[in-house]
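The values are calculated or read from the model by the stated rules, or taken from the named source; none is laboratory data. None of the values given here were measured: they were computed from a predicted structure. Here the Cβ positions follow ideal geometry from the backbone for every residue, glycine too, while neighbour counts run over all protein chains shown. Side chains included, ligands, DNA and RNA excluded: accessible areas come from the protein's heavy atoms. Shrake-Rupley method; radii C 1.70, N 1.55, O 1.52, S 1.80 Å.
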Amino acid sequence: MLRELHKELGIHADYARETGLQTFAEASELVEVGPNLVGHMQRLTPDAGKHWREMAVSAAEDNILILIVSGFRGVDYQADLIRKKIAAGQQIGDILEVNTAPGFSEHHTGKAVDIATPGSRPLTEDFEKTEAFQWLRAEAAGFGFSMTYPRDNPWRISYEPWHWSLK
Ligand SMILES: [Zn+2]
């Protein structure tokens, strides 16, 4: 099914080998963790949701506001995201530098969170200049979260200082 989907989107059959990325199974159980900045309810696994809430509370105690931009995203959602970009005229090769192929997004697990903070445009490298990012660097590991795509990661995925996941 993933193979057919990739074929439809023009994703190379060698994608996994070329990128070294792995597939992620979709989470089977999800809990709501609150709406994102544009009011869309976000979901994580019960475990990730619990740790996320604890981390957000702890950050708030240090006067740091961390906000969820995106939690769980299904394979179909990821495919639609890519279809929209193709329809808007983007090349699949360029799209895959910023979006992983459907089936390969860590957001499928329900354990990955894209994080924003006031004063910094969401999902941009600017996030690394924020106090929230410094706080996460120091404290997130204590809640089980780590950055998945640091600078110069081996998967050639763009540096994503905003993307953290429960490991
Ligand atoms: Zn992400």
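Taking the range 127-167 as the range and being within 14 Å of the ligand (Cβ to nearest atom), aromatic (Phe, Trp, Tyr) and open to solvent by less than 70 Å² (accessible area, probe 1.4 Å) as the test, the residues that pass are Phe127, Phe145, Tyr149, Tyr159, Trp162, Trp164. When Leu44, Leu9 are checked against the criterion of being of a type outside the set (Lys, Arg) and within 16 Å of the ligand (Cβ to nearest atom), Leu44 stands alone in meeting it.
So how many residues does the range 114-123 have that are open to solvent by 30 Å² or more (accessible area, probe 1.4 Å) and either without any contact (Cβ under 8 Å) to a residue 40 or more places away in the chain or over 16 Å from the mean Cα position of the chain (by Cα) (or both)? Counting residues in the range 114-123 that are open to solvent by 30 Å² or more (accessible area, probe 1.4 Å) and either without any contact (Cβ under 8 Å) to a residue 40 or more places away in the chain or over 16 Å from the mean Cα position of the chain (by Cα) (or both) gives 3. Close contacts from the range 18-33, counting a first residue that is at negative phi and a second that is crowded, with 17+ Cβ neighbours inside 10 Å and among the aliphatic types (A, V, I, L, M), with Cβ to Cβ under 7 Å and a gap of 6+ residues or different chains, come to Glu26/Val75; Leu30/Leu44; Val31/Leu44; Val33/Leu44; Val33/Ile68.
What about Glu106, is it of a type in the set (Asp, Glu), within 16 Å of the ligand (Cβ to nearest atom), under 23 Å from Pro161 (Cβ atoms) and touching a Phe, Trp or Tyr at 6+ places or on another chain (Cβ under 9 Å)? Here the answer is yes, as Glu106 does meet what is asked. Take the conditions (1) in contact with a Pro (Cβ under 8 Å, 6 or more places away or on another chain); (2) away from the ligand (no atom under 16 Å from the Cβ); (3) touching a residue at least 12 places away in the same chain (Cβ under 8 Å); Val69 misses just one of them, which is (2). If I ask for residues that are open to solvent by less than 50 Å² (accessible area, probe 1.4 Å) and at positive phi, which ones from the range 34-51 would you list? Residue satisfying the conditions is Gly34 alone.
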